[in-house]
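Just below is one structure, and these are the notes that go with it.
The values are calculated or read from the model by the stated rules, or taken from the named source; none is laboratory data. This is a predicted model, so every value here is computed, not measured. Cβ: placed from backbone, ideal geometry, glycine included. Neighbour counts: every protein chain shown. Side chains included, ligands, DNA and RNA excluded: accessible areas come from the protein's heavy atoms. Shrake-Rupley method; radii C 1.70, N 1.55, O 1.52, S 1.80 Å.
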Amino acid sequence: MVHQNMFNLKRLTFFRRLLLKERVGALIICWVVGGLLASCSSPQYPYKIYALTGETMGTTYHIKIVLPTDKNLPENIGNEVHSCLEKIDSLMSTYQEDSELMQFNRHKEGTPFPVSEETKKVFEIAMKVAEETDGAFDITVYPLVELWGFGKREVSAPPSEDVIKQVLANVGYKKLKILPEGLKKEDTEMQCDLSAVAKGYAVDKVCELLDLKGMGSYMVEVGGEVKVKGEKLPGQPWIVGIEYPEPMSRKVFKRVQLKDYAMATSGNYRNYFIWNGKRYSHEIDPITGYPVPHTLASVSVVHRSCAFADAYATAFMVMGLEKAYKFAEEHNIPAFFIYPENGVTFSYKETSSWKNYRL
Ligand code: ADP
Ligand code: MG
């Protein structure tokens, strides 16, 4: 089995964590210094653009904050942003055995499991998208993610049909209830994975933090999910790129202009493996238990909430072009679909509301 995992965030998470343990002191210093040094201004506009970058949740983050030259970045903002992201990771990671999520996954009592406000919120968003998409988005897919080798486990071949059926028996978002006392499993073997929504939520939380600090213009990106506030400079919107859907390419396929919106992208071009000439990617159909046979290379979704954008983008990959396009049109969700054509090139399709963001 060949893993094309050069940019596989989940695998990166695992290996990086091992490395990070050794290097954490040095990294934090670099990140703080980097954050403070990276600024520039334009003679026409007396503004400075500050950049904060770092690593969290098994991926990287990049934040740009625009401030008038006579204003300074709030003290300690770099540390606060980093702690905010680390906290979300410590609650929702499937790579930290002591995370709140993994404790919930091990909870087999059938009694409600109390969780933090943050985790509850992410579960609520996930359940809403699961219901709307008829279970195309389903966080209870975790045992299948592990079974297919897209989590911590290395696998040497696709699982057998029997094993898939067995694991599927414990999958299904209807087995999960969110109660005031906590999260309740109706099937105690059920386990959840928030990877398809937590990064988007992390973006939203950093934005909330920057809002509280009075920042009026910024761009926050965590592992490719992005949200902006205001304009970059007067008369200049924030511009973000949708990548060309190829593993080794960093080319931009389309540019998008955003103001006070988030954009998330899901794709099958980074996190997949090939077995006997067949490509298996990390979006799993919770109904069949198999990685989705792809008609799509990537989907980008624009939404006020980055957590919702993230979840919808994954759901749309699972639904496939036709179904997802119809759903996005009916729900007035701006979405941009890239799909392979003739095996050599890519075409795209956009929903009607996407035109508001097109450049
Ligand atoms: P990325 O993490 O690369 O941004 P996604 O947001 O699409 O990509 O998340 C994909 C991850 O979500 C998978 O690696 C897996 O952990 C999880 N997942 C896979 N299938 C589903 C699904 N149908 N519903 C919810 N989560 C899923
Ligand atoms: Mg997602």
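You will find that of TYR348, TYR339, the residue that is in contact with a helix residue (DSSP H, G or I) (Cβ under 7 Å, 6 or more places away or on another chain), more than 16 Å from ligand 2 (Cβ to nearest atom) and in a strand (DSSP E or B) is TYR339 and no other. Looking at ILE164, ILE139, just one residue is more than 21 Å from GLY200 (Cα to Cα), β-branched (Val, Ile, Thr) and open to solvent by less than 20 Å² (accessible area, probe 1.4 Å), and that residue is ILE164.
Residues in region 97-124 that are under 15 Å from THR140 (Cα atoms) and more than 24 Å from the chain's Cα centre (by Cα): 2 in all.
Once region 305-332 is narrowed to residues that are more than 17 Å from the chain's Cα centre (by Cα) and open to solvent by less than 70 Å² (accessible area, probe 1.4 Å), the residue that is nearest to ligand 1 (Cβ to nearest atom) is MET319. Of all the listed residues (LEU144, LEU194), the sole one being surrounded by 22 or more Cβ atoms within 10 Å (Cβ to Cβ) and in contact with a strand residue (DSSP E or B) (Cβ under 8 Å, 6 or more places away or on another chain) is LEU144.
Selection over region 241-266 of residues that are assigned to a strand (DSSP E or B) and either in contact (Cβ under 8 Å) with a residue 60 or more places away in the chain or open to solvent by less than 10 Å² (accessible area, probe 1.4 Å) (or both) gives a count of 11. Under the condition of being among the β-branched types (Val, Ile, Thr), assigned to a helix (DSSP H, G or I) and within 18 Å of VAL129 (Cβ to Cβ), the residues counted in region 191-229 number 1. Looking across GLY200, GLY182, GLY135, one residue alone is within 16 Å of ligand 2 (Cβ to nearest atom) and touching a Pro at 6+ places or on another chain (Cβ under 7 Å). It is GLY135. Of the listed requirements (1) out of contact with any strand residue (DSSP E or B) (no Cβ under 8 Å at 6 or more places or on another chain); (2) within 16 Å of ligand 1 (Cβ to nearest atom); (3) in contact (Cβ under 8 Å) with a residue 12 or more places away in the chain, ALA335 misses just one: (1).
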